[in-house]
Each structure stands twice: as C-alpha cells, then as structure tokens.
1. Are there any pairs with C-beta distances below 6 angstrom linking a residue in the stretch 124-146 that is free of Cβ contacts under 8 Å to residues at least 60 places away in the same chain and assigned by TED's automatic domain parsing to the domain that holds residue 112 to a residue that is within 12 Å of the ligand (Cβ to nearest atom) and assigned to a helix (DSSP H, G or I), with the two at least 6 apart or on different chains, and if so which?
2. Taking the stretch 93-121 only, how many residues are away from the ligand (no atom under 13 Å from the Cβ) and touching a strand residue (DSSP E or B) at 6+ places or on another chain (Cβ under 7 Å)?
3. Checking residue 333 against (1) assigned to a loop (DSSP other than H, G, I, E, B); (2) free of Cβ contacts under 8 Å to residues at least 12 places away in the same chain, only one condition comes out false. Which one?
4. Any idea how many residues of the stretch 192-206 are within 12 Å of the ligand (Cβ to nearest atom) and either more than 19 Å from residue 285 (Cα to Cα) or part of a loop (DSSP other than H, G, I, E, B) (or both)?
5. Within the stretch 271-313, can you find the residues that are under 21 Å from residue 208 (Cα atoms), more than 9 Å from the ligand (Cβ to nearest atom), without any contact (Cβ under 8 Å) to a residue 60 or more places away in the chain and in contact with a helix residue (DSSP H, G or I) (Cβ under 6 Å, 6 or more places away or on another chain)?
6. Which count do you get for residues in the stretch 314-330 that are in a loop (DSSP other than H, G, I, E, B), away from the ligand (no atom under 13 Å from the Cβ) and surrounded by 15 or more Cβ atoms within 10 Å (Cβ to Cβ)?
7. With the structure loaded, tell me whether residue 130 is under 20 Å from residue 337 (Cα atoms) and under 16 Å from the mean Cα position of the chain (by Cα) or whether it fails that test.
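The values are calculated or read from the model by the stated rules, or taken from the named source; none is laboratory data. Being a predicted model, the structure only gives us computed values, none of them experimental. In this analysis, Cβ positions are derived from the backbone assuming ideal geometry, glycine residues included, and neighbour counts consider all displayed protein chains.
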Ligand SMILES: NC(=O)c1ccc[n+]([C@@H]2O[C@H](COP(=O)([O-])OP(=O)(O)OC[C@H]3O[C@@H](n4cnc5c(N)ncnc54)[C@H](O)[C@@H]3O)[C@@H](O)[C@H]2O)c1
C-alpha cells in the first residue's frame, strides 16, 4: 500500500474526493478512489500544485478545469493525490440503492450485520465499521464473495472516540469518494435499576448510544455536504438505529432508554440543521431482535441473563422468557434486520420526509 506524504495531505485528499465525485455528476453510480501523488503517470485531468495550496484553492481549480473534460478516468492534483473514477458494477446500478455508499457502524454482528447484508442485496456498496475488526473483516469478505469484489470494506472504529470516528470517515472517503447513507447502529445495553447502576456504567452507555451519534453525524455529514454543494441533484441520508425504548421508558433500563430518547432529540435537531445541505436524518425504532446475539447468545444473551436474574416471574426456562416477551407483540414475532432495512430504504427513497422516528415493532409501539 502506498503511503501519504503526511496526514495533512491525506486529509486534503479526503476533502477533495467528494468534490471530484460531485463534478463527475454520475450520482451514486460513480466512485472515486484517492491515492497518494507518488509518481508522475499522466492523468486525464492534471492540476498544477501551485494552484492547489489549500483545499479551497484546489476546489476552485477543479471547478474551473472541469467543463473542458468529459468525466475523466483519473484526476491528478499535483502534490496532493490522484483520484481514480470508477463506475459501479451494473448489477449494483440496477438495485434499489444504485451503488450508494452505505456506512453501517456496529456491522460485525446482530442488527448491523443483517442490515449491511440487506443493503448489499439492494445494490449498496458497504463499509462494515466495528470495534471488532476481525469479525467486521469476515463480514466484508463474505459480502465481496457474494456480491463481487469492491462491494465491502471493513474499518475498525470505536464510535465513542472522536479521532477514531474521524479516521473511519477519512478511510471511507479515500476508498469510495463519499458516504451516501450513514447508518448509526452500534449500541450497547447495560440494564440496571437506580441502586445498581454506577456512574461509570451510565456514562459508558450514554457515550456509545448517545454521544457517538453526535460524533458520527458531525464527521459523516461532511462529505455529504461537500457533494451536495457541487452536485445539485445529490441528496444523502443519515439513519439512527434507535429502539422502541426511545419511545417509551424501560423499567430498570434507564441508561439505555434515556440515551435512545435523547437520540430522537438529536435526529430532529440534525434534520433541521442539515436540511439545507439536502441531508435527511431519521431514526428507526425497532422492536427486539430475539434471534440476534444480544438476546440469544447462549452464555451472555438477555434470555439467559433474565432467566438467571428471575426477571420474568415463574419462568423456568429460556423458552418461558421468550414467550413472556413475545406475548407483548401483537404480531407475535421479533423484529428482523430485513424489517429494519425496509424502513431504512423507505427513508432513502422518500424525498419528502426528515426528522422522523419510525417504529418497526410489530404493533408493540404505536405513535400518538
Ligand atoms: N437487539 C435488539 O433487540 C435491539 C432492539 C432495538 C434496538 N436495538 C439497537 O440496534 C443496534 C444494534 O444492536 P444489536 O442487538 O445488533 O447489538 P449487538 O450487541 O449484537 O451488536 C453490536 C455491534 O456493535 C459493535 N460495537 C459495540 N460498541 C462499539 C463501539 N464503541 N464502536 C464500534 N462498534 C461497537 C459490537 O462490536 C457489535 O458488533 C443498537 O443500537 C441497539 O440499541 C437492538
């Protein structure tokens, strides 16, 4: 792998890639890969480094030169980098997502993994971003095998760390040229009543479920805003995977429910701020995914935890705990990643809605 001259040049290249993608004006079907300017191979469009000292100067030079060129294959900006434009495969172009770059946090397992698989099926190009990098790499590998090379990239991230989130966005943009759909899914659950909950645990849950949504939106919206500025037909989406616990309080689970309620306040506020940049922001509030590892892990899943803690009166087995929860759902089943992805696709395809929190709960939560 080639190395960048320095961090500043790399971040300049990341700031320019969405502009190159926007000027190419092919919508989500065009990707832009940025590489260090390490040799003098000719390019279809070459800009001299003297005209590109800052990102803004480089943007102005790009705009001025662009009308002369009809979607070049490679743009070289001297001293910064080479930008290689690629069309996504026709099978992706034909899908509902048409090659959109979709970044899903917490995509190594559970809802995130299932959502990433459904989005790839719908013609998306995926960034599998997770704290668990080996597991994220194995999900990305299997998507590349199933849907073709270049479908998925694995990125290690701690969504609670600002530098890590910034780096996740830079890596994504240098690889694909932008982010068209950001799914903020990574989340943690630590239940406990007032007498059990420690400040450390409360702050940990709040950091990952609430503060991290601010961080991923702050950095993830930057390439979206840039692309929208230079391509009038462009629109992007941010979707937070919230919870039914973001719509109704959860007994002895207030750290989780409080962060999720707060997430809806962020969704509504970000939606108002980003509407002028043509970035929609919505939340999906799923019911419980009983087949996923959070509930069904045989050692630390919630079913075994709730059974051993005696949380469900009279329950003798995991099946009894399962029945107790399923009885609360009018449609009498748990929520699946496909159910959630259908709501995400609604958000993407619906041009006239932002700032909403959409329940996907089989009728368990109904909006007032
Ligand atoms: N499972 C459910 O029943 C349910 C119901 C409603 C809402 N949700 C929400 O769905 C989302 C996913 O939940 P899940 O059940 O699939 O969880 P999960 O525990 O199965 O998976 C979460 C993933 O996030 C990753 N992760 C955790 N902390 C991270 C961090 N700091 N940075 C990056 N990645 C991190 C984990 O490594 C894991 O791969 C969460 O936001 C959760 O609140 C889940």
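1. 126/116; 128/116; 128/136; 128/139; 129/168; 130/136; 139/113
2. Residues of the stretch 93-121 that are away from the ligand (no atom under 13 Å from the Cβ), as a first pass: 93-102, 118-121.
Then keep just the ones that are touching a strand residue (DSSP E or B) at 6+ places or on another chain (Cβ under 7 Å); that gives 99-102, 119-120.
Number of matching residues: 6.
3. (2)
4. Residues in the stretch 192-206 being within 12 Å of the ligand (Cβ to nearest atom) and either more than 19 Å from residue 285 (Cα to Cα) or part of a loop (DSSP other than H, G, I, E, B) (or both): 1 in total.
5. Within the stretch 271-313, just 301 meets the criteria.
6. Qualifying residue count for the region: 1.
7. Answer is yes for this residue.
Per-residue answers, yes or no, for (1) within 12 Å of the ligand (Cβ to nearest atom); (2) surrounded by fewer than 21 Cβ atoms within 10 Å (Cβ to Cβ); (3) more than 18 Å from residue 89 (Cβ to Cβ):
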{"residue": "126", "(1), (2), (3)": "no, no, no"}
{"residue": "134", "(1), (2), (3)": "yes, yes, yes"}
{"residue": "149", "(1), (2), (3)": "no, yes, no"}
{"residue": "158", "(1), (2), (3)": "yes, yes, yes"}
{"residue": "173", "(1), (2), (3)": "no, no, yes"}
